Every structure is written in C-alpha cells, then in structure tokens.
Amino acid sequence: MIEVKNLTKVYGKKDSAFTALSNINFTIPEGSTVAIIGKSGSGKSTLMHVMSGLDRLTSGSVMINGTEIAKMKQKAVDKFRASEMSFIFQAFFIEANQTCLQNVMLPLEIARVPRRKRKSMVKEALAAVDLSEKINQKAGKLSGGQKQRLAIARSIVNKPKLIFADEPTGNLDSSTGSLIIKKLFELNKTLGATLIVVTHDEDLAKLCQYQIILKDGKIVKKISPKKFTSVRKVTK
C-alpha cells in the first residue's frame with residue numbers, strides 16, 4: 001500500500017520559491033492500477049519522482065508498504081528503490097550496441113543477483129514481453145515498439161512490487177502504443193505489482209482503477225473504483 005499524506009514540494013527559496021506540489025493526499029492499495037493525469041506542468045512527473053525517492057519532498061510523507069522513504073538516507077533509498085520499484089520512461093534508455101540479454105541483465109548485475117540465476121531471469125522477462133527470439137540481437141536493431149518492450153522487460157526482471165510508467169507510449173504510434181499498454185496491464189495482473197502510469201492521455205487513464213487528476217500542483221479530482229455490496233439470496 002502507498003500512503004501519501006500532506007505532500008508538498010517546493011523548489012527554490014524566498015522570492016524564487018516555486019510550489020510544484022501542494023498538500024497532496026491519497027492512498028493506493030497494493031496491486032492496483034493508477035493513473036496520475038494532468039496537462040504539461042501540472043506536477044504529475046514531479047509527484048512520481050517524489051513518491052519514488054528520485055526527488056526529495058519538502059514536507060509531508062510517503063509510505064510504501066510501511067516504509068517512509070523521506071526519512072531514509074540516500075543510500076537506503078537507492079537500495080529500497082532497486083529492490084521494490086522499476087521505471088519505464090517515454091525515452092527507452094536502452095544500450096543500442098548491447099544485446100537484449102545484456103540490456104535486461106543490467107539491473108541484476110546492479111542488484112548483485114548471483115550470476116547463475118541471471119540468464120534464466122532474463123529469459124523469463126523477455127518471454128513476458130514476447131521478445132524471446134531477440135535475446136541475442138543488438139537492441140539498436142529493434143523497432144520502436146520492440147525497444148519499449150525491451151525496456152519493460154528490463155524493468156520487471158527483478159519482479160518489482162511497484163512499476164512507474166512515465167508517458168510510456170509517448171514515442172510510439174497509436175497501434176504500437178495500444179499493444180504496450182495491454183502488456184503493462186497484463187504484467188500488473190501476472191506480477192501482482194502496483195502499476196502507476198503518469199499520462200496526459202484521458203483514454204489511458206480511464207483504463208486504470210484509480211485516477212489522480214492534477215492541476216497546478218494540486219489534486220482537483222480523485223476517481224476510485226465503485227464499491228459493490230454483495231447480496232446473497234436466501235432461499236427457504
């Protein structure tokens with residue numbers, strides 16, 4: 001579960017101070033799909049960065065499965081992020097001159113996963129995004145959609161509990177983008193990971209269980225799943 005309470009982020013000081021986020025509050029159950037939505041400059045990427053520990057909050061708190069990352073030292077935050085989270089960005093950030101195997105193995109090397117386990121974990125991640133046959137191909141030769149799927153494979157190889165996707169289809173055509181979105185939601189179900197998508201695309205946001213809508217650094221609307229009361233019919 002993610003609990004964000006009274007989160008505020010201010011850049012600069014005194015006369016040059018700019019409040020990017022103001023008094024943000026919400027709770028996200030584990031395993032949910034969430035859209036953080038808003039126009040450019042609304043604060044949605046800043047919110048993702050602060051939630052994940054990529055940036056420090058000014059005040060408030062972010063609790064992830066009982067851990068308050070704002071009170072952790074930077075090395076501890078980095079370690080927590082490496083073990084619990086993964087990131088998918090609009091830019092693929094892949095190593096074009098390395099093979100798909102080498103690209104996906106990188107997080108395992110950073111996490112010091114035993115060498116004997118790495119290749120099987122990479123194969124599993126590539127299979128999850130339908131890239132098994134590309135394992136020894138140079139990443140630079142892949143199509144745009146394949147590169148994004150490779151980035152997804154790299155992000156899930158450690159089986160994270162929390163996946164952040166920041167405009168994951170921004171560099172893709174609509175058809176390829178739809179396939180990537182479908183794959184992300186499939187992984188949400190198979191991994192049981194919480195999926196948080198940062199987007200300005202309202203159609204994509206509507207696919208998520210929760211929507212957090214930002215404007216000028218403030219939440220203007222929150223949308224949650226409807227709750228249904230189960231009624232059991234009693235027969236005599």
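The values are calculated or read from the model by the stated rules, or taken from the named source; none is laboratory data. Remember, it's a predicted structure, so these values are computed and weren't measured experimentally. Counting neighbours? That spans all protein chains shown, and the Cβs are built from the backbone with ideal geometry, glycine included.
The table that follows gives values for the structure above.
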{"item": "Single residue of the range 55-88 satisfying the filter (of a type in the set (G, A, S) and assigned to a helix (DSSP H, G or I)) that is surrounded by the fewest Cβ atoms within 10 Å (Cβ to Cβ)", "result": "S83"}
{"item": "Hits in the range 79-96 - residues which are over 28 Å from K141 (Cα atoms) and in contact with a Gly (Cβ under 8 Å, 6 or more places away or on another chain)", "result": "F80, R81"}
{"item": "Failed item, numbered, when I28 is tested on (1) within 23 Å of Q74 (Cβ to Cβ); (2) within 19 Å of the chain's Cα centre (by Cα); (3) of a type in the set (V, I, T)", "result": "(1)"}
{"item": "Test: K161 is of a type in the set (D, E, K, R), within 16 Å of the chain's Cα centre (by Cα) and exposed (fewer than 15 other Cβ atoms within 10 Å of the Cβ)", "result": "no"}
{"item": "Within the range 13-54, considering residues that are in a helix (DSSP H, G or I) and not aliphatic (A, V, I, L, M), the one farthest from N65 (Cα to Cα)", "result": "D15"}
{"item": "Residue in the range 21-31 that is closer than 17 Å to F87 by Cα and polar (S, T, N, Q) present", "result": "no"}
{"item": "Qualifying strands (runs of 3 or more DSSP E) (wholly inside the range 118-236; at least 3 residues being in contact with a helix residue (DSSP H, G or I) (Cβ under 7 Å, 6 or more places away or on another chain))", "result": "162-166, 194-199"}
{"item": "Test for L7: is it assigned to a strand (DSSP E or B), out of contact with any Lys or Arg (no Cβ under 9 Å at 6 or more places or on another chain), surrounded by 19 or more Cβ atoms within 10 Å (Cβ to Cβ) and modelled with pLDDT of 95 or more", "result": "yes"}
